[in-house]
Amino acid sequence: MRINKENLTIIIVTIKSYKIIDKCLNSIDPDIKKIIVENSSNLNFINDLKNRYKNLEGYTTNDNLGMGKANNFGISKSTTRYVMILNPDTILDQNAMKNIYEISENLNFAILSPLSENIKFPNYKIKNENIYYENGLIEVDQVDGYSMILDKQKFNKKFFDEKIFMYLENDDLCLRAKNNNEKIFIYSKSLIKHSGANTVDQKYSNELELSRNWHWKWSKFYFKKKHYGFMSAFASSFHKPIKSIFKSIYFFLTFRPYKSKVYLNRALGFVNALLGKKSSYRPRLD
């Protein structure tokens, strides 16, 4: 089976992504089907995109579902065998998809991705040095979530873990694929640019920083617990929240309340995960 324009749908989850989405969409072949999932109730945003771009479906979730659950929603709306998870702060190289089409001929994979054009920040991880490398195709253990082509048939309808609001949902998906003896590849002759942390309008940067600190600690503990057990998760991370609490107190006493809250959120994310509570923190983006 070969990926082509007819059997591929690109899924892009957005939230307050008005300033960057056009660069992403303009880098995509207009003949490829696209599904936009807006993690809010902003129907005007979706209608505007549908009016300006062909082969584009759009949906609002009316709530901030997070990346994993919103991507699952987009996947459920797709009718093609292959879906490409793409962040709105990415830009595909001119020949990125053409090269993907060519290399996918008879390629057995669960996940396939273009390569980040920034060599300082590779979008993959390899644990075993004995990798398969031929004609620019690299077998890896994990790819970053901002660009992932999934063969839906390899996942038995079990895609992203919806308990994870943000961070490590792609690591979880890749690990489950590898545990099922599926292949994950990066194709170095297909390039993608990722601006990083620009999905949401930067006027919300302070609120996003609070959210990132909370969810990173929650997701780290949850991921470790899920795959390696409670004691492994606890032993690898319990000391850092204690440091965060002391730092929070220090910054509070030195009249830096925002910095204090950042470290407090780190501790709270860990505590909530430790107690088995849901990933409940939501950034205020009103």
Task: Overall form of the stretch 154-239 per C-alpha gyration tensor (a/c, 1.5; a/b vs b/c) - done: oblate
TODO: Would you mind computing, in nm to one decimal, how far apart the modelled labels at ASN51 and SER280 are, each placed 7 Å from Cα along Cα→Cβ?
DONE: 4.1 nm
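State, as an integer percentage, the relative contact order of the chain based on alpha-carbon contacts under 8 Å between residues 6 or more apart. Please list the in-between numbers first.
Numbers: 525 pairs, mean separation 54.1, N = 286.
Averaging sequence separation for qualifying contacts and normalising by length gives 19 percent for the chain.
By count of other Cβ within 10 Å, fewest leading, how are ILE119, ILE249 ordered?
On the way: ILE119 7, ILE249 13.
Going from sparsest to densest Cβ surroundings: ILE119, ILE249.
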Task: Integer Hz, Karplus 6.51/-1.76/1.60 couplings in order for the stretch 217-232, x for Gly and Pro - done: 5, 4, 5, 4, 5, 4, 4, 4, 5, 4, 9, 10, x, 4, 5, 5
- [ ] May I ask which residue of MET67, LEU168, TYR146 lies farthest towards the positive end of the charge dipole of the stretch 8-194, with charges of +1 (Lys, Arg) and -1 (Asp, Glu) on Cβ and the Cα centre as origin?
- [x] MET67
- [ ] Past 27 Å, Cα to Cα, is the threshold; run LYS247/LYS278; LYS34/LYS152; LYS77/LYS125; LYS33/LYS183 against it and keep the listed order.
- [x] LYS77/LYS125
TODO: Using θ = phi - 60° and the Karplus relation 6.51 cos²θ - 1.76 cosθ + 1.60, list the HN-Hα couplings for the stretch 185-190 in order, rounded to whole Hz, with x at every Gly or Pro.
DONE: 10, 10, 10, 6, 8, 10
Task: [x] 136; [y] 155; [z] 234, with the label sought being that of the calculated volume of the Cα convex hull per residue in Å³ - done: [x]
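Based on DSSP H runs of at least 4 residues, each adding -39500 (n - 2.57), what is the mean residue ellipticity at 222 nm of the chain after dividing by all its residues, to the nearest 500 deg cm²/dmol? Mind showing how you got there, number by number?
Details: 9 runs with 111 residues, N = 286.
That calculation yields -12000 deg cm²/dmol at 222 nm.
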Open item on the list: For a protection proxy built on the mean count of beta-carbon atoms within 10 angstrom, sort 38-44, 209-215 highest first, please.
Closed with: 209-215, 38-44
Task: Integer Hz, Karplus 6.51/-1.76/1.60 couplings in order for the stretch 272-286, x for Gly and Pro - done: 5, 5, 4, 7, x, 7, 5, 6, 9, 5, 10, x, 8, 10, 7
Open item on the list: Which of rounded, prolate or oblate describes the stretch 204-274 when judged by the alpha-carbon gyration tensor and an a/c cut-off of 1.5?
Closed with: oblate
Task: Cα→Cβ-extended label distance, 7 Å offset, between PHE238 and TYR250, nm - done: 2.3 nm
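Values quoted throughout were computed directly from the atomic coordinates according to the rules given, and no laboratory measurement underlies them. Predicted, not measured: the structure shown is a model, and the values here were computed from it. Cβ coordinates were reconstructed from backbone atoms using ideal geometry, including for glycine residues, and neighbour counts include every protein chain displayed.
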